[in-house]
Amino acid sequence: MNNKDSLLVYLADDDEDDRMFFTDAVKQNSRSIHVDSSTNGEQLLQKVFNQDLLPDVVFLDLNMPRKNGLECLQAIRANSTTQHIPIIIISTSSAIENIRKANSYGANFYIQKPDDFFELKRLIEIGIQFSLAERKEEDVFLLNEVLSA
């Protein structure tokens with residue numbers, strides 16, 4: 001996490017309306033969140049791998065040009081510096097095959113994009129809470145390993 005007061009969230013989605021919908025929903029969140037948006041997977045990966053400050057959470061659409069969400073997920077998980085970042089898939093697809101693939105590639109959470117603004121806001125908050133709690137558990141586990149060594 002960057003600091004106690006705010007979160008840095010990366011969003012990759014090629015649909016401008018969906019990016020705006022997401023950003024508006026995040027702005028109404030109870031915590032301070034900065035959203036850095038990308039329009040395709042390649043652009044997202046450039047940010048992830050070339051920034052000093054890593055995001056707290058990444059939201060990925062599945063169907064994007066250049067690199068799709070699953071390709072981005074694989075690339076982030078394959079890198080030791082970024083593999084710990086919580087990744088949430090946010091897609092219009094409810095296909096069980098996509099959900100299974102995302103899970104097997106290391107997604108922390110899968111959200112089917114709702115049409116309702118308040119439902120999107122709720123799902124984003126749940127996804128962030130779940131991912132950060134999972135990350136905190138990993139941090140505690142790693143700390144315990146270090147202390148017991």
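The values are calculated or read from the model by the stated rules, or taken from the named source; none is laboratory data. Keep in mind it's a predicted model, so treat the numbers as computed, not measured. Cβ: placed from backbone, ideal geometry, glycine included. Neighbour counts: every protein chain shown.
Things worth noting here:
- Some residue of segment 140-147 being over 16 Å from Tyr10 (Cα atoms) and either in contact with a helix residue (DSSP H, G or I) (Cβ under 6 Å, 6 or more places away or on another chain) or modelled with pLDDT of 90 or more (or both): no
- Considering residues of segment 9-33 that are at pLDDT 90 or above and assigned to a strand (DSSP E or B) only, the residue surrounded by the most Cβ atoms within 10 Å (Cβ to Cβ): Ala12
- Leading residue by the ranking (farthest from the chain's Cα centre (by Cα)) among those in segment 66-82 that are touching a residue at least 12 places away in the same chain (Cβ under 8 Å) and not in a helix (DSSP H, G or I): Arg66
- Where a residue in segment 42-59 is free of Cβ contacts under 8 Å to residues at least 12 places away in the same chain and its partner, wherever it lies, is of a type in the set (S, T, N, Q), with Cβ under 9 Å and at least six apart: Gln46/Ser38
- Subset of segment 90-120 that is among the polar types (S, T, N, Q), touching a residue at least 12 places away in the same chain (Cβ under 8 Å) and not in a loop (DSSP other than H, G, I, E, B) - its residue that is surrounded by the fewest Cβ atoms within 10 Å (Cβ to Cβ): Gln112
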